[in-house]
């Protein structure tokens, strides 16, 4: 499947917007996560967990899923292919894993937010909730590695990419 140039640019622009938005949304999420890791104030914890749940569920989740899907479309619709080049294949795997971890982690975030929203939750109960800071920082680092890899496009074809290149060369020679 090849995309027409206009389609390719539109899908690529959408992919870039979603991917950069995903990074930006994590940066918006991090200060609240830092608060949950460092504060003992119940009202502050309640507000932070509520904000984290809103950002993760309404902003980060759709951006992550959208970035993954448009990344697949860009790969399939261009000469890069989905598994022809190592940097594309590794980006795909890292993005898919980051999205899966995010979807699992959102369940935890939403559970913490539900506890924080309960007026009967005691200060000790709120202070006993964990931070998701390790996942937040780890996810941000993974996305930054993907970003750098996609900008620099390290050389190297996968075995499938080599086969496809050889077939194309043979086809040219037979003409």
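The values are calculated or read from the model by the stated rules, or taken from the named source; none is laboratory data. Everything numeric here is computed off the predicted structure, so don't read it as measured data. All Cβ positions, even for glycine, are placed from backbone atoms using ideal geometry, and neighbour counts span all protein chains on display.
Of all residues in the stretch 88-111, how many are farther than 30 Å from residue 128 by Cβ and surrounded by fewer than 18 Cβ atoms within 10 Å (Cβ to Cβ)? Walk me through how you get there before you give the answer.
Taking the stretch 88-111 and keeping what is farther than 30 Å from residue 128 by Cβ, we get 88-96.
Next, from what is left, pick out any that are surrounded by fewer than 18 Cβ atoms within 10 Å (Cβ to Cβ): 90, 92-94, 96.
Adding up the residues that qualify gives 5.
What pairs come up if the first residue lies in the stretch 74-96 and is free of Cβ contacts under 8 Å to residues at least 24 places away in the same chain and on the phi > 0 side of the Ramachandran plot, the second is in a loop (DSSP other than H, G, I, E, B) and surrounded by fewer than 18 Cβ atoms within 10 Å (Cβ to Cβ), and their beta carbons are under 7 Å apart, counting only those six or more places apart or on different chains? If the second residue must be in a loop (DSSP other than H, G, I, E, B) and surrounded by fewer than 18 Cβ atoms within 10 Å (Cβ to Cβ), no pairs are left.
Considering the stretch 52-73, and only residues there that are within 13 Å of residue 21 (Cβ to Cβ) and free of Cβ contacts under 8 Å to residues at least 12 places away in the same chain, the residue that is surrounded by the most Cβ atoms within 10 Å (Cβ to Cβ) turns out to be 62. In the stretch 31-47, of all residues being within 21 Å of residue 101 (Cα to Cα) and either in contact with a helix residue (DSSP H, G or I) (Cβ under 6 Å, 6 or more places away or on another chain) or free of Cβ contacts under 8 Å to residues at least 60 places away in the same chain (or both), the one that is surrounded by the fewest Cβ atoms within 10 Å (Cβ to Cβ) corresponds to 31.
Every residue, every condition in (1) closer than 17 Å to residue 98 by Cα; (2) at pLDDT below 95; (3) surrounded by fewer than 18 Cβ atoms within 10 Å (Cβ to Cβ); (4) more than 14 Å from the chain's Cα centre (by Cα), yes or no:
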{"site": "4", "(1), (2), (3), (4)": "no, yes, yes, yes"}
{"site": "10", "(1), (2), (3), (4)": "no, no, yes, yes"}
{"site": "14", "(1), (2), (3), (4)": "no, no, yes, yes"}
{"site": "18", "(1), (2), (3), (4)": "yes, no, no, no"}
{"site": "29", "(1), (2), (3), (4)": "yes, no, no, no"}
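In summary, residue 120 fulfils each of the numbered conditions (1) more than 26 Å from residue 34 (Cβ to Cβ); (2) surrounded by 11 or more Cβ atoms within 10 Å (Cβ to Cβ); (3) modelled with pLDDT of 95 or more with the single exception of condition (2).
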